[in-house]
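Novice: Provided herewith is a single structure, encoded as structure tokens, for subsequent inquiry.
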Amino acid sequence: MLRALLILPFLLAAVPARAVELIAHEVPPYVFDQDGIAYGPAIDIARELVSAVGIHQDFRILPSLRFIRDLEDGGRIGIMKARTRDTEDRFQWIAPLATEAAGFAALAPRPAPETLTEAQTMGIIGVMEGGFAEPWLDHRQVAFDATRDEATNLQKLLAKRIDVWLAPLSAMGVLTGRGGKPSLRSQINVGPPVFQVEYYIVASRDVPAAIVEGMQRRHRALIAEGTFQALMHPTR
């Protein structure tokens with residue numbers, strides 16, 4: 001054990017911090033976009049993890065599909081990626097960050113569907129491209145309309161360009177409450193949870209094991225000392 005601890009700094013030093021790029025995509029209420037730079041509680045956690053292995057950069061915001069493509073190109077650490085069967089072998093899953101309930105929403109006065117069958121009868125289902133909903137619907141052979149982010153899906157629902165919106169329920173709550181428009185929430189009916197989504201901080205396959213393992217150790221330490229919960233849920 002002692003030998004491993006002594007060797008670890010040399011392994012990390014062999015991979016300069018500038019060789020790894022930090023990327024993110026917007027996942028309210030955990031990651032938000034501020035002029036192309038990510039911020040939010042999940043970013044606070046991620047900074048703790050990457051700092052532990054000598055990486056000090058901002059996380060750059062990308063559209064969800066570009067986020068996945070860049071991770072696959074190599075040399076990146078990304079946040080937040082939903083863990084799905086189709087991506088299980090494409091990335092290194094460093095640590096879980098949040099588990100969220102996903103469900104459907106519809107434009108009032110239509111009731112929100114409570115099941116996929118109900119959603120299908122209502123018309124076009126809108127999802128975020130590159131997210132968890134695409135493989136979930138693909139596996140069930142259900143057609144959908146994909147767009148770059150959840151905020152755009154909300155706008156498409158309001159404009160009646162989609163009939164149903166499938167997304168994390170927490171994201172729906174944050175987005176419909178943005179901009180000081182309480183009346184917006186009265187225009188959207190949100191259904192119950194349909195399934196769970198687990199979000200991770202991930203790394204490209206070529207990111208060295210020493211970096212991944214160092215981040216995982218820091219993640220376990222944050223949980224043990226209570227810092228993880230305090231950063232991810234500051235109001236709880």
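Each value in this text was obtained by applying a stated rule to the coordinates, not by laboratory testing. Note that this is a predicted model, so its numbers are computed, not measured. Positions of Cβ are generated from backbone atoms using ideal geometry, with glycine treated the same way; all protein chains shown enter the neighbour counts.
Novice: Hey, could you get me the Stokes-Einstein D for the chain, Kirkwood radius over alpha-carbon pairs, 4 °C and 1.567 mPa s, rounded to whole µm² s⁻¹? Walk me through the intermediate numbers first.
Specialist: Working: Rh = 18.7 Å.
My calculation gives 69 µm²/s for D.
Novice: If you rank 199, 39, 30 by fewest surrounding Cβ atoms within 10 Å, what's the result?
Specialist: On the way: 199 21, 39 15, 30 26.
The fewest-first ordering by Cβ neighbours comes to 39, 199, 30.
Novice: Can you list residues from other chains, or at least 5 along the same chain, whose modelled amide H is less than 5 Å from the amide H of residue 126?
Specialist: 145, 163, 164, 165, 166
Novice: Amide H to amide H, which residues 5 or more places from residue 103 or on other chains are under 5 Å from it, using H placed in the peptide plane?
Specialist: So residue 103 has HN proximity to 167, 169, 194.
Novice: Between residue 140 and residue 118, what is the label-to-label distance in nm when each label sits 7 Å out along the Cα-to-Cβ direction?
Specialist: That separation, rounded to one decimal, is 1.2 nm.
Novice: I've got another one for you. Give me a comma-separated list of calculated 3J(HN,Hα) values for segment 110-115, in order, Karplus coefficients 6.51, -1.76, 1.60 applied at θ = phi - 60°, integers in Hz, x for any Gly or Pro.
Specialist: 5, x, 5, x, 9, 9
Novice: Among 206, 89, rank each residue by its count of other Cβ atoms within 10 Å, from fewest to most, as a rough exposure measure. Each step should come with its number before you reach the end.
Specialist: On the way: 206 11, 89 7.
Lowest count first: 89, 206.
Novice: Just to verify a number: FRET efficiency for residue 88 and residue 37, C-beta to C-beta distance, R0 = 35 Å, to 0.05? It would help to have the intermediate numbers written out before the result.
Specialist: Working: r = 29 Å, r/R0 = 0.84.
Here the calculated transfer efficiency is 0.75.
Novice: For a test of the definition: using alpha carbon positions, the gyration tensor, and the 1.5 limit on a/c, classify segment 19-69 as rounded, prolate or oblate.
Specialist: oblate
Novice: Take residue 110 and residue 186, extend 7 Å from each Cα along the Cα→Cβ direction, and tell me the distance between the two endpoints in nm.
Specialist: Taking the simple label geometry, residue 110 and residue 186 are separated by 2.1 nm.
Novice: Would you please give the FRET efficiency between residue 229 and residue 209, computed as 1/(1 + (r/R0)^6) with r the Cβ-Cβ distance and R0 = 35 Å, to the nearest 0.05?
Specialist: Taking R0 as 35 Å, the efficiency between residue 229 and residue 209 is 0.80.
Novice: Next question. Please report, in whole Å³, the volume per residue of the convex hull around the C-alpha atoms of segment 100-196.
Specialist: Values: hull volume 8.2 nm³, N = 97.
In segment 100-196, the Cα convex hull volume per residue is 84 Å³.
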